[in-house]
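Presented below is the structure to which this report refers.
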Amino acid sequence: MKNTHPQGSAQTLTGKITEWLTFDNMHHQWLLLAACFWVIFMFMVASKFITLTFKDPDAYGAKQEFLLLTAVPDAGKPPGEKHFPEELKPTGKGLVQPLVYMERLELIRNVCRDEALKNLSHTAISKFVLDRIFVCDKHRILFCQTPKVGNTQWKKVLIVLNGAFPSIEEIPENVVHDHEKNGLPRLSSFSDAEIQKRLKTYFKFFIVRDPFERLISAFKDKFVHNPRFEPWYRHEIAPGIIRKYRRNRTETRGIQFEDFVRYLGDPNHRWLDLQFGDHIIHWVTYVELCAPCEIKYSVIGHHETLEDDAPYILKEAGIDHLVSYPTIPPGITVYNKTKVERYFLGISKRDIRRLYARFEGDFKLFGYQKPDFLLN
């Protein structure tokens, strides 16, 4: 009888080895497949996180701005210590200001350091300047008035914040500029110590627009439309300008924009300004009104971007939950290049250059371009 046991044992062993190898191979395949799924899953999670981060302009912007502020270490500071310039410290409402507002403040600082522009960018913090700054002690706000840049609406905001009226809609128009009734104290009404305290600790802002467009707005408002309650512009100021600056003495029309330009560009205009008194604030430079090189403002708003700037100012001042800036009519803040060119058409280049020379500080401090009709 043949013995088959050894052969059966060998077959059994071979089968077990084959089974083990197959199982081991499948095990490795499952492990590899699981690892692939895990890598794909992690990649999807990372991609989603990156997408969300870059879709959030506030989060991404804050990172960029923080890097800009801390990229250059301050001399004498420990390596790990964060240093912010005094006027750019965190406000408590966000890490730092959005980049566009930081750039505006940085531009002012750079121009203020330019010795060649010193006479056009610097002014003393005189009573004239302090008279232009309105105070809201309740919310620690200072607002410098720059006429013909939507200031009436900002005064309404402060009137409500000071508690004189419960809402903007309830403020009578004839009260807004009546400083005995509107509840808006001027900074000049405080003692020197109180003035310095407010200048150092309060939220401070003002609004600018293209300097030449502002002058056109002032001319139209005061000499063309001329509100009934301001007769002195047409009956006192206009004749004074015509007598001094009209070249064609046979011309009998009322004041023309050419007369106005010649008056403003005259280096000796001040003797006439003194006769006009405080009425001239509607065409005085931003430098003379608000002293941007001497006062460290928190925010500079631009009329051309007021739809964005107004909510930002309210938020930074911590009052956005208390009051809203009045609705801005569509298109009213857009810079009208055609209108500016039309008003200056026919005026001599010499007179326009003299006008620009007076307002050059405003152009440079706030980033406005020199008009094309002066580049030719």
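Laboratory data are not the source of any read-out in this text; all were calculated from the coordinates shown. Everything numeric in this text was worked out from a predicted model, so none of it was measured. Cβ atoms come from the backbone with ideal geometry, glycine included; neighbour counts cover every protein chain shown.
Semi-axes of the equivalent ellipsoid of region 280-363 are 30, 19, 9 Å, computed as sqrt(5λ) over the eigenvalues of the C-alpha gyration tensor in descending order.
In the calculated pair-distance distribution of region 330-376, the portion above 14 angstrom amounts to 58 percent of the Cα-Cα pairs.
Globularity index of region 231-376 is 1.25 (Cα radius of gyration / 2.2 N^0.38 Å, N = number of residues).
Stretching the chain fully between Trp232 and Asp308 yields a gain of 23.7 nm (0.36 nm per residue, less the alpha carbon separation).
The distance between label points at Asn110 and Ile328 comes to 2.4 nm (points 7 Å beyond Cα on the Cα→Cβ vector). Across q = 0.12, 0.13 Å⁻¹, region 154-240 modelled as identical point scatterers on its alpha-carbon atoms has Debye log10 I(q)/I(0) values of -0.58, -0.68, in the order of the q list. Once both labels are positioned 7 Å from their Cα atoms along Cα-to-Cβ, the gap between His279 and Val100 label points is 3.8 nm. With 0.36 nm allotted per residue and the present C-alpha distance subtracted, the Lys127-Ala164 stretch has 10.8 nm of extension available.
Think of region 208-288 as a dipole: +1 on every Lys or Arg Cβ, -1 on every Asp or Glu Cβ, centred on the Cα centre; then among His279, Tyr245, Val261, Tyr245 lies furthest on the positive end.
How much FRET efficiency would the formula 1/(1 + (r/R0)^6) give for Thr201 and Glu173, where r is the Cβ-Cβ distance and R0 is 35 Å, rounded to 0.05?
0.60
Highest average first, the peptides 359-369, 216-226 ordered by how many other beta carbon atoms sit within 10 Å of their residues are 359-369, 216-226. Can you grab the distance from the C-alpha centre of region 162-176 to the C-alpha centre of region 298-344, Å, no decimals? Using only Cα atoms to place each centre, the spacing works out to 20 Å.
Note the full-extension length gain between Ala193 and Lys244 as 0.36 nm times their separation in residues minus their Cα-Cα distance, in nm to one decimal.
On the way: separation 51, 0.36 × 51 = 18.36 nm, distance 4.29 nm.
Contour length minus the Cα-Cα distance gives 14.1 nm.
Cross-link pairs exceeding 32 Å in C-alpha to C-alpha distance, out of Lys204/Lys370; Lys181/Lys370; Lys138/Lys370; Lys155/Lys339; Lys138/Lys364, comprise Lys181/Lys370; Lys138/Lys370; Lys138/Lys364.
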